[in-house]
Amino acid sequence: MRTLNLNPLFRSTVGFDRLIHLMDAAQRAEDTSASYPPYNIEKRADDRYRITMAVAGFSQADISIVAKPNQVTVSGQSKTEDAAGQFLHRGIAGRAFERKFDVADHIRVDSASLENGLLHIDLVREVPEAMKPRTIAITTPANNGTLPTLAAAE
């Protein structure tokens, strides 16, 4: 695989550190860790997303979801062991896993549900009012084109 050196970007950008680190981490990620458990990422509306993971054989008690700023971590540890019989073929994977999803700013986990072996994690983007675009009113000076003076604080 061809590698890309992102260090020159650090010298000429300000405030994009997280994005550059994400690109660097994605480039270094191992392909084997990305295969289990299988998952989908779906955009359901402008500000709503859903991660669906196939977790057959895991119960609610076996799965942990931890939401941190800019990251959602899903881990599973199967606690049930079938000691009653001997497997001739074991095609349903029940091995432990940990999958981390990097999420954008202002995205939070809204809910999670487990049905028919699928774990659904609903995410929502909530941009604070201070960060939303706002319209600025344009005013004209009231004193024949002169700008008002600021009074000194007393």
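Quick note: the coordinates plus some simple rules give every number you see, no bench work behind them. All values derive from a computational prediction rather than experimental measurement. Reconstructed Cβ throughout: ideal geometry from the backbone, glycine too, with neighbour counts over all protein chains shown.
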May I ask you to list the lysines whose Cα is less than 22 Å away from that of LYS79, ignoring any residue fewer than eight positions away on the same chain?
-> LYS100
Please sort 49-62, 123-136, 66-79 by packing, taking for each peptide the average over its residues of neighbouring beta carbons within 10 angstrom, highest first.
-> 49-62, 66-79, 123-136
When the Karplus curve 6.51 cos²θ - 1.76 cosθ + 1.60 is applied with θ = phi - 60°, which whole-Hz ³J(HN,Hα) does each residue of the stretch 111-127 get, with x for Gly and Pro?
-> 6, 9, 9, 10, 8, 6, x, 10, 9, 10, 10, 8, 10, 9, 9, 10, 7
Mind listing the long-range amide H neighbours of ASP110? Cut-off is under 5 Å, sequence gap 5 or more, other chains count too, H placed in the peptide plane at 1.01 Å from N.
-> ASP122, LEU123, VAL124
Reachable lysines from LYS132, criterion Cα separation under 26 angstrom, eight or more residues apart if same chain | LYS43, LYS68
Phi-derived 3J(HN,Hα) across the stretch 37-52 with the Karplus relation (6.51, -1.76, 1.60, θ = phi - 60°), rounded Hz, x for Gly and Pro, is x, x, 8, 10, 10, 10, 9, 9, 7, 4, 10, 10, 9, 9, 9, 10
